[in-house]
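The values are calculated or read from the model by the stated rules, or taken from the named source; none is laboratory data. Not measured: the values here are computed from a predicted model. Positions of Cβ are backbone-derived with ideal geometry, glycine not excepted, and every protein chain shown enters the neighbour counts.
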Ligand SMILES: NC(=O)c1ccc[n+]([C@@H]2O[C@H](COP(=O)([O-])OP(=O)(O)OC[C@H]3O[C@@H](n4cnc5c(N)ncnc54)[C@H](OP(=O)(O)O)[C@@H]3O)[C@@H](O)[C@H]2O)c1
C-alpha cells in the first residue's frame, strides 16, 4: 500500500509517498481502507516540525483525520464488520472521561501513525461509525475540527438557545462551531478577513458578521451588537493575538473555549479582565471518542453537512498543506482519494 511519511526537513514538502506492507489487524483492531482525509492547522505545524513538545517525528504517517471502509477486523472485535463506513478518533485511546498526557500522546499523526495512507490499523475502541448521509470527504472533516467545535460549544462550553456565540475567522473549527451553534438556536457573530467569506457564513446562518481586517477593533462591534453587554460564549481559535480582544467582547460571567494557536503560543494576557468580568476559560484539546459519537448523533439527526471548502487528490498532499497554510479556505480542506 501507499502511505505518506514525514521526512527530515522543516517545510510543508517534508512528506513523501512510500510503499508499506498492508497492515493486518491485531485481535482488538480494525483495518480501514481510507477514502479521504482532512487537514488541520496542527498538520501544518507538524510537517514543519514546530508543533509544541513534539519536535520532528520522521517516519510517522501524517494527519489525524480520515474516513473509509473497514476491510478487516481482529477476532476479538465486536461492533464492527467488514464494509462498515467509519472514521478514526483523533486520540483513539481517549474513549471517555478526563484527558491525560498518555492519552494525548496517542494523537494520530503526531508521535504515532496517522491517516494519510491507503490502509490504517486502529484499535476498535478508537473507531466510530459515520453518518450515512455524509460522503467520505465530509466525514473525514469530523475527528479534529468537528469534535473540537462540538466540545467547545457543548461540553467545555454550555451554549443554550438564545445565547450569543462569538466565532473568529472561517477556518475548520469556526465553521463547524457556526453550524453547531445554529443547531442549538444560538445567535452567532463571526469575524473574517474576507467579505466574501462573511457572505458564505451568512448563507450558513450567521446572524452578524464583522471584517476583522477593515475593523481591527472588532470587539467594540461585538459589544454594540449585544447592546453593550458582550457575547455569552466565544470559541477562541486565534490565541495570544486575539485573546485580549475576545476578553473585551465577552460579557460579565461569560465563557471562552480556548484552543487556538493561529497567532502563536504565548503572550501577555489581560488577566485583570478575566477576574473582574468573572469570565470562565476552558482549555480545549479536541475530545473523546464518546464526544465524537454524541456529535455524530446530532449531525445524523439534523442531516448536517460539514463544509468542504477545497479538495485535493492523494498525490497533492503538499499542495493541500500549502493551501491550508495560506488561509484561503472556508471550512475544511480535504484529500479525497476517489
Ligand atoms: N486544541 C485543540 O483541540 C484544537 C483543535 C483544532 C484546532 N485547534 C487550533 O485552532 C485553530 C484553528 O484551527 P482550524 O483547523 O480551524 O484552522 P484553519 O482552518 O487553518 O483556520 C484558519 C482561519 O483562521 C482565521 N484566522 C487566522 N488568523 C486569525 C486572526 N488573527 N483572527 C481571526 N481569525 C483568524 C482565518 O479566517 P479568515 O480567512 O476568515 O480570516 C483563517 O482562514 C488553530 O490554531 C488550531 O491549531 C486546536
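Listed by position, the strands (runs of 3 or more DSSP E) contained in the range 116-192 that have at least 2 residues being near the ligand (Cβ under 10 Å from one of its atoms) and in contact with a helix residue (DSSP H, G or I) (Cβ under 6 Å, 6 or more places away or on another chain) are 187-192. Within the range 200-224, the residues that satisfy the criterion of being more than 11 Å from the ligand (Cβ to nearest atom), part of a loop (DSSP other than H, G, I, E, B) and in contact with a strand residue (DSSP E or B) (Cβ under 8 Å, 6 or more places away or on another chain) are 205, 206, 207. Residues of the range 241-250 that are more than 10 Å from the ligand (Cβ to nearest atom) and free of Cβ contacts under 8 Å to residues at least 40 places away in the same chain: 243, 244, 247, 248.
Condition first: in a strand (DSSP E or B) and either away from the ligand (no atom under 15 Å from the Cβ) or farther than 26 Å from residue 103 by Cα (or both). Now tell me which residues in the range 289-332 satisfy that. Those that are in a strand (DSSP E or B) and either away from the ligand (no atom under 15 Å from the Cβ) or farther than 26 Å from residue 103 by Cα (or both): 308, 309, 310, 311, 312.
Residue-wise test of (1) surrounded by fewer than 24 Cβ atoms within 10 Å (Cβ to Cβ); (2) modelled with pLDDT under 95; (3) within 16 Å of residue 307 (Cβ to Cβ).
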site: 84; (1), (2), (3): yes, no, no
site: 87; (1), (2), (3): no, no, no
site: 96; (1), (2), (3): yes, no, no
site: 104; (1), (2), (3): yes, no, no
site: 115; (1), (2), (3): no, no, no
site: 121; (1), (2), (3): yes, no, no
site: 125; (1), (2), (3): yes, no, no
site: 131; (1), (2), (3): yes, no, yes
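Residue 257 fulfils the conditions (1) free of Cβ contacts under 8 Å to residues at least 60 places away in the same chain; (2) within 11 Å of the ligand (Cβ to nearest atom); (3) buried (at least 18 other Cβ atoms within 10 Å of the Cβ) except for a single criterion, (1). Considering only the range 263-287, how many residues are surrounded by 18 or more Cβ atoms within 10 Å (Cβ to Cβ), within 14 Å of the ligand (Cβ to nearest atom) and in a loop (DSSP other than H, G, I, E, B)? Here the count works out to 3.
Do you know which residues across the range 13-50 are assigned to a loop (DSSP other than H, G, I, E, B), within 16 Å of the ligand (Cβ to nearest atom) and surrounded by fewer than 19 Cβ atoms within 10 Å (Cβ to Cβ)? If the condition is that a residue be assigned to a loop (DSSP other than H, G, I, E, B), within 16 Å of the ligand (Cβ to nearest atom) and surrounded by fewer than 19 Cβ atoms within 10 Å (Cβ to Cβ), then 49, 50 are the ones that fit. The single condition among (1) part of a loop (DSSP other than H, G, I, E, B); (2) buried (at least 22 other Cβ atoms within 10 Å of the Cβ) that residue 227 does not satisfy is (2).
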